[in-house]
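Data block below; observations after.
What follows is calculated from the coordinates using simple rules that are stated; it is not laboratory data. Remember, predicted model here, so these are calculated numbers, not experimental data. Please note: Cβ atoms are built from the backbone with ideal geometry, for glycine as well, and neighbour counts cover all protein chains shown.
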């Protein structure tokens, strides 16, 4: 095994929060009522989406609430992506009802992110857009209690401290970050994931994989996040193909749920922060802008940003070989590192996902404009000089986006394919 060629700094002063309570296990979704009784909740808003309703995933939760004489109202006017209009409408619904004392979020990342904002905006004045300041926590009052229950094994939003929103004007993603957004209880029931379509399983799984691998190569990574991220990435890499091809395999679904949950914890650590490295910086920009869902965008970005960062972090990237089952016999760490992006391309192909920008709705003529935006503007939002191992320049930014369009790796023997 190739070890990281650096020692952890233990002179750091660390401060971090995590989710208050986690309930993990098959068929645990019925625990929602017990959790609400524990906090003496009487009237709850359930935030979900039409597909969750259609697949019957709400039934166990609703039955448990009815059995406990807890009033509830369902709000499901949401789309697959966390658009600002959706969040505003959900917040207005909650405020107009006035007497919700808790929120349950049941769904994918968009639903959970919306639920967090709703629970926080019930007790804080103003509009949601005022709180989308990633480097500043503007929430003054604690949110009403919230229970978050994922139906996809991917975003980790049930345990993260972020709420992602697509800006109405630019169509780029931004977010709020605050301990106020952490769940009071996360209920992770792998059974809820079994109805997720294969395409959703693949995309959400690649999102979870990206969380953990980007966390591992963050310049600020330490032993706490690395331990969780390594285990989570291993669970995902070993089970994602099975979950995609055999949706009813509960063992694979459980492993994916665990890996995604751990990934949500990893990105909540302030030294990973989002994750604030290049893959999510790119994917959360071109994804909503050019119509690629989040998991597709960050999954596509992952092999290329690893290739990009090899010159600055080859020993860290080489250490991923064990996660992907890559054998090596005496090669240098840099040579081993160059094999990792190709392994991720193979995974994407096995999941029938795009591997180049040319395969999504990204115009070739936008390469230089988009790269310039990343270099001049967006990298500041993600604080890439602090978190991303390799420094961006305008030239290497343009080359990176061009490589992503053409499917080329700089550190592979003959480029990709």
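Using R₀ = 30 Å, calculate the FRET efficiency as 1/(1 + (r/R₀)^6) where r is the Cβ-Cβ separation of residue 393 and residue 327; round to 0.05.
With R0 = 30 Å, the Cβ-Cβ based efficiency is 0.30.
Projecting label points 7 angstrom from Cα along Cα→Cβ for residue 250 and residue 349 puts them 3.6 nm apart. Computed over the alpha-carbon atoms, the stretch 209-293 gives an Rg to Rh ratio of 1.02, Rh here being the Kirkwood radius from the mean inverse distance.
Normalised Debye scattering of the stretch 22-193 at q = 0.10, 0.13, 0.15, 0.19 Å⁻¹ gives log10 I(q)/I(0) of -0.32, -0.55, -0.74, -1.22, counting only Cα atoms as equal scatterers and leaving out solvent.
Relative to the longest principal Cα axis of the chain, at what angle does helix 340-350 sit, 0 to 90 degrees, rounded to 10? Long axis of 340-350 versus the principal axis of the chain: about 50 degrees.
For the pair residue 13 and residue 69, a Förster radius of 41 Å applied to the C-beta separation gives a FRET efficiency near 0.30, rounded to the nearest 0.05. GNM remark for the chain: springs join alpha carbons under 10 Å apart, and the peak mean-square fluctuation among 329, 211, 280 falls on 329.
Label separation (residue 135 vs residue 224): 2.3 nm, computed from points 7 Å beyond Cα along the C-beta direction.
Sorting the segments 31-40, 92-101 by their residues' average number of neighbouring beta-carbon atoms within 10 angstrom, most packed first, yields 31-40, 92-101. Centroid-to-centroid, using Cα positions, the stretch 162-206 and the stretch 210-239 are 18 Å apart. Compared with the direct C-alpha span, the chain from residue 77 to residue 22 gains 17.1 nm at full extension, assuming 0.36 nm per residue.
Over the C-alpha trace of the chain, radius of gyration and Dmax come out as 20.6, 66 angstrom. Could you state the number of Å between the C-alpha centres of the stretch 296-347 and the stretch 355-369? Between the Cα centres of the stretch 355-369 and the stretch 296-347 lies a distance of 23 Å. Of the beta bridges in the chain, as assigned by DSSP with both residues counted there, near 20 percent are antiparallel. Taking only alpha carbon atoms, the stretch 72-111 gives an Rg to Rh ratio of 0.94, where Rh is the Kirkwood radius. Label sites at residue 361 and residue 59, each approximated as a point 7 angstrom past Cα along Cα to Cβ, lie 3.6 nm apart. Building the convex hull from the alpha-carbon atoms of the stretch 198-406 and averaging its projection over directions returns 10.6 nm².
When both the stretch 88-106 and the stretch 19-85 are represented by their alpha-carbon centers, they are found 13 Å apart.
The antiparallel fraction among DSSP beta bridges confined to the stretch 22-193 stands at about 20%. For the stretch 232-343, the equivalent ellipsoid derived from the Cα gyration tensor has semi-axes of 23, 20, 14 Å, listed largest first.
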